Amino acid sequence: MTIRTLPPLTPEEFLRHPDLQGERCELSEGRVVMMTGASKAHREVAGELFAILLRALDRHRYHVAISELAVRVGGSVRYPDVVVDQQSDDASGLAAIGPLLIAEVLSPSTMMVDSGPKLREYTSLPSLLYCLVLSQDEPVAWLYRRDEAGAFPTEPQRLLGRDAEIILLAFDLAIPLGDLYRETKS
């Protein structure tokens, strides 16, 4: 069986489907969608963010994952570039239990989905505090932060330049964009 001929799947069926183990794909409202490979710049920005979060956050409280931890939302299963999840005792779990931060690094091929449908899905998660969208090519980030009333803004905070900082108050953390874009010339 090929991925293209799969019938619509539930998130649970998708996560356990033997033909999909090890494949680079997501479930979008029941349909399996192939994911493309990431550029070197994309991997470096995601990797730097992952490393910073992994070093800074308490591993007894938080699980930090890069590209491999599923996030279930409605009829979709997504694999964000970086996720900070609530820690659990289930070491064999395939999906986040309560994602607190989700980050996506924009690529030309994923920009429309990452900043559209995925963003709407992510911000519908009740546990989510932050949704961070990063450029892969230059030190630019868009931070969606849940407000005190529990809503996400329609417009993100735009951060520009190496000196700008991503402020994550819930984690008592400030991340300079310069730390994420060590290899870029911008």
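The values are calculated or read from the model by the stated rules, or taken from the named source; none is laboratory data. Just so we're clear, the structure is a prediction, and the values are computed from it rather than from any experiment. No Cβ is skipped: glycine too gets one built from the backbone with ideal geometry, and neighbour counts run over all protein chains shown.
Of note:
- Answer from 83, 71, 32 - the residue that is outside any helix (DSSP H, G or I), under 25 Å from residue 151 (Cβ atoms) and touching a helix residue (DSSP H, G or I) at 6+ places or on another chain (Cβ under 8 Å): 71
- The condition (being in contact with a helix residue (DSSP H, G or I) (Cβ under 7 Å, 6 or more places away or on another chain), assigned to a loop (DSSP other than H, G, I, E, B) and either within 17 Å of residue 83 (Cβ to Cβ) or at pLDDT below 95 (or both)) is satisfied by just one residue among 134, 128: 128.
- Some residue of the stretch 37-46 being in contact with a helix residue (DSSP H, G or I) (Cβ under 6 Å, 6 or more places away or on another chain), among the charged types (D, E, K, R), more than 20 Å from residue 123 (Cβ to Cβ) and outside any strand (DSSP E or B): no
- Selection count, the stretch 26-42, where residues are within 17 Å of the chain's Cα centre (by Cα) and within 28 Å of residue 140 (Cβ to Cβ): 11
- Residue in the stretch 151-165 that is surrounded by 14 or more Cβ atoms within 10 Å (Cβ to Cβ) and either of a type in the set (D, E, K, R) or within 15 Å of the chain's Cα centre (by Cα) (or both) present: yes
- Yes/no for residue 52 being out of contact with any Lys or Arg (no Cβ under 8 Å at 6 or more places or on another chain), in contact (Cβ under 8 Å) with a residue 60 or more places away in the chain and outside any strand (DSSP E or B): yes
- Any hit, the stretch 36-46, residues being β-branched (Val, Ile, Thr) and more than 30 Å from residue 176 (Cβ to Cβ): no
- Selection within the stretch 137-147 - part of a loop (DSSP other than H, G, I, E, B) and charged (D, E, K, R): 137, 138, 146, 147
- Scanning the stretch 154-171 for residues that are among the aliphatic types (A, V, I, L, M) and not in a strand (DSSP E or B) turns up 164, 169, 170.
- One residue from 66, 102, 97 being under 16 Å from the mean Cα position of the chain (by Cα), crowded, with 20+ Cβ neighbours inside 10 Å and among the β-branched types (Val, Ile, Thr): 102
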